[in-house]
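Colleague: Provided herewith is a single structure, encoded as structure tokens, for subsequent inquiry.
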Amino acid sequence: MTEHASTRSSQRLDDFLRARPSLGRRASSFILVLENVIKVPLFKCQRCGECVLSRTAFVCSQRCPKRLRNGACGGTRPGGFCEVYPERRCIWNAIYSRARALGRLAFLAQITPAHQWDLERTAAWLNLVRGRIERPHLGVSRNVSERDRKVAERAGREIR
Amino acid sequence: MRTLREALESGRFVVTAEIGPPLGASPDAVVKAAVHFRGHVDAVNATDNQTGIVRLSSTATAKVLLDEGIDPIVQMTCRDRNRLALQADILGAAAIGVRSLLLLTGDHMVMGDQPEARPVFDLDSVTLIEAARGMRGGRFMNGEEVVDPPDVLLGGAANPFAEHMGLRLVRIAKKVDAGADFIQTQAIFDLGRFERWMAGVRDLGLHERVRILAGVLPARSVRALTYMRDEVAGMMIPDELIGRMTGAEKPADEGVRIACETIARLREIDGVAGVHLMPVMWEKIVPRLVHEAGLAN
């Protein structure tokens with residue numbers, strides 16, 4: 001399991017809930033209801049439990065039929081349509097366009113770690129405060145390296 | 001035996017090719033095709049259930065190629081296997097003498113003939129390359145020690161023709177960061193777009209960190225081209241090319257001529273380290289193509 005730098009209080013909460021798995025599950029279900037009310041209509045959230053919306057310019061990457069976290073795949077059809085559903089726009093193309101518009105391409109240049117599938121259908125917000133998943137990337141200036149910036153700048157110069 | 005490693009280290013122009021494994025349990029088709037590759041190319045890819053159709057496994061095909069004196073590149077996709085199976089197969093391939101892997105996301109099964117199968121996609125190509133690099137360095141994905149690490153070169157694929165160009169640059173940058181030693185590209189017909197992609201690759205200095213093998217597909221007939229355009233994911237075939245093939249007296253000869261012209265232009269592009277030949281269902285053309293394109297050594 002991936003370890004994320006967590007504060008002492010989040011470590012304590014995680015230890016507390018790990019010792020009480022049934023309470024942990026109930027807390028997760030409860031928070032997931034709240035989370036769904038907001039994130040499903042707003043982002044078409046797929047409830048992966050390990051939210052990476054802040055990396056993907058707030059377009060949910062888990063709508064990709066291959067559930068790619070480092071897309072797009074090489075099967076994208078002419079015009080930027082999905083390999084699997086030819087009538088749909090490739091979600092990674094949508095992410096790319098939005099990231100370019102919002103100045104968040106540098107986050108796409110970073111490798112998103114493999115998904116922790118054991119967190120599927122659990123509350124990402126709870127996982128966050130328990131320190132089980134990475135913190136959201138807010139400001140571009142703080143979270144990206146010189147290399148990420150360089151890739152983003154060069155990629156962003158391409159028109160289509 | 002010519003090998004990919006030796007070719008990459010020598011700095012000369014590299015030539016790889018690929019074979020689609022047979023639809024049955026007999027190795028005969030691979031053995032038969034091997035004569036068209038042996039001594040003509042540095043290494044041969046064994047595809048992994050290509051286009052989502054069940055075939056002889058890529059690792060088993062690689063064993064047949066090894067026995068025939070050919071250095072295999074084992075393709076592994078994330079479509080059919082989770083991280084446990086993939087890590088096990090990386091060990092397995094290395095144990096039988098495989099020294100190169102091409103790590104891919106993989107076409108979705110809806111492209112194949114058993115679309116009801118469960119899609120796996122536990123990892124993606126980028127995280128699979130990263131996992132393989134970790135194993136080569138002595139660590140499984142969970143951080144546990146690999147007692148005898150696999151000594152393998154790691155490859156990734158790139159499709160410079162799919163939209164958006166910027167995203168295609170981001171992708172190759174990530175694969176290089178993940179640890180790819182070489183990149184094999186999708187078949188190139190639109191040289192203008194390929195050159196644009198390469199310009200971006202050079203601006204990012206990626207050509208100095210990874211060896212780029214440009215995909216070349218010799219087409220035997222108009223039908224072969226239209227089949228690939230319509231059935232193979234990510235394949236972009238310009239209408240002018242189909243027009244040129246249609247107008248040709250002997251389409252197969254025209255196909256070789258077009259491939260040779262493409263190779264000649266690719267060799268002029270700064271940062272292209274070699275070519276990857278994709279003689280789909282036409283393995284016997286490889287010796288002639290290598291000779292006529294001036295790739296023989």
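The values are calculated or read from the model by the stated rules, or taken from the named source; none is laboratory data. In this text, all values refer to a predicted model and were calculated from it rather than measured experimentally. Cβ sites come from the backbone with ideal geometry, for glycine too, and all protein chains shown count toward neighbours.
Colleague: Please specify each residue of region B:230-256 satisfying the condition of being surrounded by fewer than 17 Cβ atoms within 10 Å (Cβ to Cβ), within 14 Å of another protein chain (Cβ to nearest Cβ) and not acidic (Asp, Glu).
Modeller: B:Pro238, the sole residue that qualifies.
Colleague: Which members of region B:255-297 meet the condition of being among the charged types (D, E, K, R) and touching a residue at least 40 places away in the same chain (Cβ under 8 Å)?
Modeller: Hits for region B:255-297 are B:Arg265, B:Arg267, B:Asp270, B:Glu283, B:Lys284.
Colleague: Next up: Restricting attention to region A:106-122, report how many residues are out of contact with any Lys or Arg (no Cβ under 9 Å at 6 or more places or on another chain) and away from chain B (no Cβ under 11 Å).
Modeller: Residues meeting the conditions: 1.
Colleague: Let me ask something else. Could you figure out which of (1) away from every other protein chain (no Cβ under 12 Å); (2) part of a helix (DSSP H, G or I) isn't true of A:Glu153?
Modeller: (1)
Colleague: Out of all the residues in region A:83-103, is one or more within 7 Å of chain B (Cβ to nearest Cβ), among the hydroxyl-bearing types (Ser, Thr, Tyr), more than 17 Å from the chain's Cα centre (by Cα) and under 19 Å from B:Phe121 (Cα atoms)?
Modeller: Scanning region A:83-103 turns up no residue that is within 7 Å of chain B (Cβ to nearest Cβ), among the hydroxyl-bearing types (Ser, Thr, Tyr), more than 17 Å from the chain's Cα centre (by Cα) and under 19 Å from B:Phe121 (Cα atoms).
Colleague: Additional query: Determine whether B:Ala259 is more than 14 Å from every other protein chain (Cβ to nearest Cβ), more than 30 Å from B:Met135 (Cα to Cα) and outside any helix (DSSP H, G or I).
Modeller: No: the conditions fail for B:Ala259.
Colleague: Another question, if that's okay. Can you tell me which condition B:Thr16 does not meet? The list is (1) more than 17 Å from the chain's Cα centre (by Cα); (2) not in a loop (DSSP other than H, G, I, E, B); (3) not hydrophobic (A, V, I, L, M, F, W, C), and all the others hold.
Modeller: (1)
Here's the yes/no breakdown for (1) in contact with a helix residue (DSSP H, G or I) (Cβ under 6 Å, 6 or more places away or on another chain); (2) crowded, with 23+ Cβ neighbours inside 10 Å:
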site: B:Val120; (1), (2): no, no
site: B:Leu123; (1), (2): yes, yes
site: B:Ile129; (1), (2): yes, yes
site: B:Arg136; (1), (2): no, no
site: B:Ala157; (1), (2): no, yes
site: B:Leu167; (1), (2): yes, yes
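Colleague: Now for a different question. Could you pull out the residue among A:Ser141, A:Ser54 that is over 30 Å from B:Pro238 (Cβ atoms), part of a helix (DSSP H, G or I) and more than 12 Å from every other protein chain (Cβ to nearest Cβ)? Can you show your working first?
Modeller: On the way: A:Ser54 fails: part of a helix (DSSP H, G or I).
None of the others qualify; the one that does is A:Ser141.
Colleague: Related question: Is there a residue in region A:59-71 that is modelled with pLDDT under 95 and outside any helix (DSSP H, G or I)?
Modeller: For region A:59-71, residues modelled with pLDDT under 95 and outside any helix (DSSP H, G or I): present.
Colleague: Based on this model, can you work out whether A:Glu134 counts as more than 9 Å from every other protein chain (Cβ to nearest Cβ), surrounded by fewer than 21 Cβ atoms within 10 Å (Cβ to Cβ) and either over 30 Å from B:Met109 (Cβ atoms) or of a type in the set (Lys, Arg) (or both)?
Modeller: Yes.
Colleague: Then there is this: Report yes if some residue within region A:26-43 is of a type in the set (A, V, I, L, M), more than 28 Å from B:Ile129 (Cβ to Cβ) and within 13 Å of chain B (Cβ to nearest Cβ); otherwise report no.
Modeller: The answer is no; no qualifying residue exists.
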